[in-house]
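Only one structure is covered here, and it is reproduced in the block below.
The values are calculated or read from the model by the stated rules, or taken from the named source; none is laboratory data. The structure presented is a predicted model; accordingly, all values stated were derived computationally and were not measured. Here the Cβ positions follow ideal geometry from the backbone for every residue, glycine too, while neighbour counts run over all protein chains shown.
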Amino acid sequence: MQIGIRLHDTKECPFEERLRVIKSQGFECVQIDLSKTRGIPFETGMLTPGYAKWLGRQFQKAELDIAVLGNYRNLSHPDPVKIIEIQYSYAASLRFAALCGACVVGTESGIPDADERFSKEACRNKDALNIFIRNLQPVVKAAESCGVSLAIEPSYKRVVWNAKTAREMLDRIGSPNLRIIFDPVNLIDPEVPEAAEETIAEAMEILEPEIEVVHLKDYLIEDGTLKPMGCGFGNMDYKEIIRFVEEKKPFIHTILENTDPMTAKQSRRKIIDMAYEAGGEDMRGVPGGLIKGIGEMPLI
């Protein structure tokens, strides 16, 4: 795997310097959400070819991949006029990704509420899934036209909330440009934490062909609420996930989430240690092994 980080989780400083710091910490790829990154344009009308080429050059100079270009606008929004605007923003993001060299445009399925207030009743029904798929179809067509993948991240608080609904979405759309971001923690329902292991295993089994990016974070459940945090600071068991990545997804972009400038290096080290444990000492520095170029990466 190639371990990366979300840009908005890193220390704020001038953009080019920020990328150099990320590289110096041993990360190889980045998820960037332009709307969450201060100091650079993010409005839909600003996503010009010139801007895309400039952004791509900055990442090339820093020797970092743009693993994910994030656009998390609500594709389940109940207002049909608003949906047209949202779909247009996705088309712009996909064109921009094609020009700047981003590997995928990443998003979630959203919530059928204008204020994105979650309720199981609103999200977990056939009508909500049908509406989301209808809204998604033209965005996937745009992805096909641009030659870019659109990756949906299933989450228990969204319309595509588990592996089965994700599988249905993939099969009904039927496009090679529709892919999956696999975030194990986002699939865990805090009301049934004892089902976490089974839930994650099911996702790895039935979504494996389409998993394009992995998100890794940790969690604790407090008073019935799932609290996300950086890897190594909670109760997450990564062993089977790491084995899955080793066997099925070598060199995949793996983005650490919910880190901060003080914890990012420790979280990265946690995943590297787990990779060694899963793969054995012979994985150290072996080209094509579990972690790309691990023998050359600073374990800081």
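Limited to the range 125-146, what total is found for residues that are under 17 Å from CYS103 (Cα atoms) and either touching a Lys or Arg at 6+ places or on another chain (Cβ under 6 Å) or touching a residue at least 60 places away in the same chain (Cβ under 8 Å) (or both)? Adding up the residues that qualify gives 2. Evaluation of GLU194 against the conditions (1) acidic (Asp, Glu); (2) without any contact (Cβ under 8 Å) to a residue 24 or more places away in the chain; (3) in contact with a strand residue (DSSP E or B) (Cβ under 9 Å, 6 or more places away or on another chain) shows that the sole unmet condition is (3).
Considering only residues that are small (Gly, Ala, Ser) and exposed (fewer than 13 other Cβ atoms within 10 Å of the Cβ), look in the range 239-292 and name the one that is modelled with the lowest pLDDT. Explain how you work it out, then say what you get.
Here is the first cut: in the range 239-292, the ones small (Gly, Ala, Ser) are 264, 267, 275, 278-280, 285, 288-289.
With exposed (fewer than 13 other Cβ atoms within 10 Å of the Cβ) added as a condition, the list becomes 280, 285, 288.
Numbers: GLY280: 48, GLY285: 41, GLY288: 36.
Checked the range 239-292; the qualifying residue modelled with the lowest pLDDT is GLY288.
Based on what the data block shows, is THR44 over 19 Å from ARG158 (Cα atoms), under 21 Å from the mean Cα position of the chain (by Cα) and among the polar types (S, T, N, Q)? Answer is yes for this residue.
A single entry from ARG18, ARG6, ARG38 fulfils the requirement of being among the basic types (Lys, Arg) and closer than 25 Å to PRO250 by Cα: ARG6.
Could you list all residues from the range 198-220 that are surrounded by fewer than 16 Cβ atoms within 10 Å (Cβ to Cβ) and touching a Pro at 6+ places or on another chain (Cβ under 9 Å)?
Quick first cut of the range 198-220, residues surrounded by fewer than 16 Cβ atoms within 10 Å (Cβ to Cβ) only: 198, 201, 205-206, 208-209, 220.
Hit for the range 198-220 is LEU220, nothing else.
Here PRO193 passes the criteria (1) at pLDDT 95 or above; (2) out of contact with any His (no Cβ under 9 Å at 6 or more places or on another chain) except the one numbered (1). Within the range 137-162, the set of residues being assigned to a helix (DSSP H, G or I) and crowded, with 18+ Cβ neighbours inside 10 Å comprises VAL139, VAL140, ALA142, ALA143, CYS146.
Among the helices (runs of 4 or more DSSP H) lying completely within the range 163-258, list those that include at least 1 residues that are among the acidic types (Asp, Glu) and in contact with a Gly (Cβ under 7 Å, 6 or more places away or on another chain).
Details: elements: 163-173, 196-207, 239-248.
Ranges flagged: 239-248.
The lone criterion from (1) exposed (fewer than 14 other Cβ atoms within 10 Å of the Cβ); (2) on the phi < 0 side of the Ramachandran plot left unmet by GLY39 is number (2).
Could you go through the range 60-72 and let me know if any residue there is among the hydroxyl-bearing types (Ser, Thr, Tyr), surrounded by fewer than 22 Cβ atoms within 10 Å (Cβ to Cβ) and in contact with a strand residue (DSSP E or B) (Cβ under 7 Å, 6 or more places away or on another chain). Give the derivation first.
Taking the range 60-72 as the starting set, the residues that turn out to be among the hydroxyl-bearing types (Ser, Thr, Tyr) are 72.
Checking the rest, the ones that are also surrounded by fewer than 22 Cβ atoms within 10 Å (Cβ to Cβ) come to 72.
Now drop any that are not in contact with a strand residue (DSSP E or B) (Cβ under 7 Å, 6 or more places away or on another chain), which leaves 72.
For the range 60-72, residues among the hydroxyl-bearing types (Ser, Thr, Tyr), surrounded by fewer than 22 Cβ atoms within 10 Å (Cβ to Cβ) and in contact with a strand residue (DSSP E or B) (Cβ under 7 Å, 6 or more places away or on another chain): present.
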